[in-house]
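To keep things clear, I will list the structure first and then write my remarks on it.
The values are calculated or read from the model by the stated rules, or taken from the named source; none is laboratory data. Here the structure is a predicted model, which means the values were calculated and not measured. Using ideal geometry, Cβ is built from the backbone for each residue, glycine included, and neighbour counts are taken over all protein chains shown. Areas reflect the complete protein model, heavy atoms only, side chains present, ligands, DNA and RNA absent. Shrake-Rupley method; radii C 1.70, N 1.55, O 1.52, S 1.80 Å.
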Amino acid sequence: MWVKLYMMFTSVNTFFHSFCKGFLRRLTNLCELQRICYGTTKGYERTIRIENSLKKSKQLARVWTSLIRIPEKGRYTESNSAHTLEAAVTGITLLKQVKPTYHREFVRSLRFSLNHICSYRQLEFEAEHVRRMKFDTSDQNHVNKLLILWESLRDDPIEGLVSKKWQDIGFQGDDPRTDFRGMGMLGLDNLVFFVTQYNNLARHVLSRSLHPKYGYSFAIVGINLTHLIHNLLRQGKLKTHLYNAMRAVVGIEDLHKLYCYVFVEFDRLWLAEKPRDVMEFGRIRDKFEQILVERLEREDCVLSGRGTVEEI
Amino acid sequence: MLLLPTMLTSRSYDSGSEGLLALLRKLKPSPDKELRILLLGLDNAGKTTILKKIASEDITHITPTQGFNIKSVSTQGFKLVVWDIGGQRKIRPYWQNYFDSTDILIYVIDSADQKRFEETGVELYELMQCDKLVRVPLLVFANKQDLMNSASPQDIADGLNLNGIKDRTWQIQGCSALTGEGLKDGLEWVIKTVKPMTKR
């Protein structure tokens, strides 16, 4: 019975929605997408409404599916993004009978939002691709990344890929390669970005993680934080932040930057909680996720990192 | 044990309200008997993967366990509450905080990591000496049997001298947390072992 009721409700709802759309279209002489572009502020608020409107539209269903197929297959690259957007914008303006020369502002806003919609999906694809990549000892590139991680955090040399010293930067045992697990190279790439781009900050966080009473394992906590943000990305929860960041290009670097922010914020919460011992990790991790999600659920969310040691 | 008194009283429901109460009690499903299972082993042995596989969860996004994970699974009238504690050397000293009222100890070994057999043997030996775990039945999962270079459960049992364990029931079970093979057999042994204990 509930299923039937729900179906009835949704069909009434869809009917009502299209009725309103038609009514407003006649009244304002603007299509829904135009009303969104002219009536909302740039960023998440506008882009998510465009996304939802396109998802629902029967008339634009083909334009929508052929547009998002590109990033979902990982083909929304620098070389063909302009072409992809142009095709979609042309399709939409033709079907909606909007004169692009007259509604220049609309076309510009639409293109900007469509770019973010595609970039987010492309980012999901790329992150998943790197996550599935396992650490490969025969790949010099992988080995180098691991060595860079060491060298950026420590001044003493490391003897090799298997050494007790890896525990000094928070790996579990002698062989760091076994710690990446389900996060694959995404876990390592995140860490390497943090320690190279924000070196002072990363060293500071590492030293805090070595606190005799409130310490934790830097590297494996980092890998757990990769898991956290990768999950949020897949759930679409990073859209507020990334759509609001207003950057022309959204890419894997934005995910790495977010990771640095998350690491620093986690470290701050960890110490503030004064955990009895490291066994409290699960509880504090869950609490941290809840706080982060609450921030991300605000329409105007922009997570901005503290770039220097002094600020933390 | 829990069902027995209810069944007895329900037969004598000729005595008015008492009988009705018994009947109601009979209708109410009997709660699962809770079993506390401790999952230990070195880091990278596969404890979390086993835990997630048992709970029928996705195992492709596993991360190293900082701290511990808990999950409960209901099977054959038992509610298994499984505690998966991180295996990193640094946190092994905390293992003992979780020993109290353990019904079953499951010790997980990476059968393909021959270099660490000695280390895992030492840890297991130390667990066997703990007062709080005395007489707690032991199931050893010889995990990663799907890997080419894995040692057989028999070889591991010999190498770790499991036959020397005389103060408790124990069992070694080859398994692959990845494919799920052997896990069911291991859990069946767990249930078979604790059933007589719960009736006592």
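Can you give the local net charge around A:Phe193? Use residues other than it whose beta-carbon is closer than 12 angstrom to its beta-carbon, Lys and Arg +1, Asp and Glu -1. Intermediate values should be presented prior to the final figure.
On the way: positive: A:Lys145, A:Lys257; negative: A:Asp189, A:Glu253, A:Asp254.
That works out to -1.
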Using a Förster radius of 25 Å, what is the FRET efficiency between A:Asn231 and A:Ser79 based on their Cβ-Cβ separation? Nearest 0.05, please. 0.25
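Take the solvent-accessible surface of the protein heavy atoms, probe 1.4 Å, and return the percent of it on the protein assembly as shown that carbon and sulfur atoms account for.
Details: 14460 of 26600 Å².
Roughly 54 percent, rounded to a whole number.
Kirkwood hydrodynamic radius, segment A:140-311, all distinct C-alpha pairs: what's the number in Å?
Numbers: mean 1/r = 0.0601 Å⁻¹.
Answer for segment A:140-311: a Kirkwood hydrodynamic radius of 16.6 Å.
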Taking R0 as 51 Å, what FRET efficiency do you get between A:Val162 and B:Met197 from their Cβ-Cβ distance, rounded to the nearest 0.05? 0.75
Show me, for segment A:224-230, the HN-Hα J-couplings you get by feeding each phi into the Karplus relation (A = 6.51, B = -1.76, C = 1.60, θ = phi - 60°), rounded to Hz, glycine and proline as x. 5, 6, 4, 4, 4, 6, 5
Applied in sequence order to segment B:32-43, the curve 6.51 cos²θ - 1.76 cosθ + 1.60 (Karplus, θ = phi - 60°) yields integer Hz couplings, x standing for Gly and Pro, of 5, 6, 7, 10, 9, 10, 9, 10, 10, x, 5, 4
Working from Cα positions, state the angle (0 to 90°, nearest 10) between the long axis of helix B:16-27 and the longest principal axis of chain B. 30 degrees
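Within a Cβ distance under 13 Å of A:Thr41, other residues only, what is the Lys/Arg minus Asp/Glu net charge?
Values: positive: A:Lys42, A:Arg46, A:Arg49; negative: A:Glu45, A:Glu299, A:Asp300.
Its environment carries a net charge of 0.
If each residue of separation counts as 0.36 nm, what is the full-extension length gain between A:Ala248 and A:Arg104 once their alpha-carbon separation is subtracted? Don't skip to the answer; put the middle values down first.
On the way: separation 144, 0.36 × 144 = 51.84 nm, distance 1.83 nm.
In short, 50.0 nm is gained.
Once fully extended, how much extra length lies between A:Asn29 and A:Ser207, figured as 0.36 nm per residue of separation less the alpha-carbon to alpha-carbon distance? Let's see the in-between values first.
Details: separation 178, 0.36 × 178 = 64.08 nm, distance 6.19 nm.
Extra length available between A:Asn29 and A:Ser207 comes to 57.9 nm.
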Give me P(r) over the protein assembly as shown, computed from all C-alpha to C-alpha distances, binned every 20 Å, as integer percentages. 19, 40, 30, 11, 0
From Cα pairs below 8 angstrom and at least 6 apart in sequence, can you work out the relative contact order of chain A, rounded to a whole percent? 17 percent
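Using square roots of five times the C-alpha gyration tensor eigenvalues, list the equivalent-ellipsoid semi-axes of chain B in whole Å, biggest first. Please list the in-between numbers first.
Values: eigenvalues 275, 64, 48 Å².
Working from the Cα gyration tensor, I get semi-axes of 37, 18, 16 Å.
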Mind giving me the nanometre distance, one decimal, between the label points for A:Asn199 and B:His61, set 7 Å out from Cα along Cα→Cβ? 3.4 nm
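With respect to the cross-link table entries A:Lys73/B:Lys144; A:Lys145/A:Lys257; A:Lys21/A:Lys55; A:Lys237/A:Lys274, which display a Cα-Cα separation exceeding 23 Å? Could the numbers behind the result be given before it?
Working: A:Lys73/B:Lys144 33 Å; A:Lys145/A:Lys257 17 Å; A:Lys21/A:Lys55 15 Å; A:Lys237/A:Lys274 29 Å.
Cα-Cα > 23 Å for A:Lys73/B:Lys144; A:Lys237/A:Lys274; rest within.
Give me the Kirkwood hydrodynamic radius of segment A:16-132, using the inverse of the mean 1/r over all pairs of distinct Cα atoms, in Å to one decimal.
Working: mean 1/r = 0.0673 Å⁻¹.
Value: 14.8 Å, from the Cα pair sum.
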Over chain B: helical MRE at 222 nm, DSSP H runs n ≥ 4 each giving -39500 (n - 2.57), nearest 500: -9500 deg cm²/dmol
What figure in square angstrom, to the nearest 10, would you give for the accessible area of A:Arg25 with a 1.4 Å probe? 80 Å²
Cut-off 15 Å between beta-carbons: net charge of the residues surrounding A:Ala248, Lys and Arg +1, Asp and Glu -1: +1
Taking the Cβ-Cβ separation of B:Asn97 and A:Val3 as r and a Förster radius of 56 Å, what is the calculated FRET efficiency to the nearest 0.05? 0.70
Using θ = phi - 60° and the Karplus form 6.51 cos²θ - 1.76 cosθ + 1.60, what ³J(HN,Hα) does each residue of segment B:87-97 get, whole Hz, x for Gly and Pro? x, 4, 3, 4, 9, 4, x, 7, 3, 4, 5
Among A:Ala87, A:Asn52, A:Leu67, which residue has its Cα positioned farthest towards the positive end of the charge dipole of segment A:39-93, with +1 placed on the Cβ of Lys and Arg, -1 on the Cβ of Asp and Glu, and the dipole taken about the Cα centre? A:Asn52
Leaving ligands, DNA and RNA out of it, work out the accessible area of A:Lys21 with a 1.4 Å probe and give it in Å² to the nearest 10. 50 Å²
Remind me, relative contact order of segment A:140-311 in percent, using alpha carbon pairs under 8 angstrom and six or more residues apart? 24 percent
At what distance in angstrom do the alpha carbon centres of segment A:67-84 and segment B:99-149 lie from each other? 50 Å
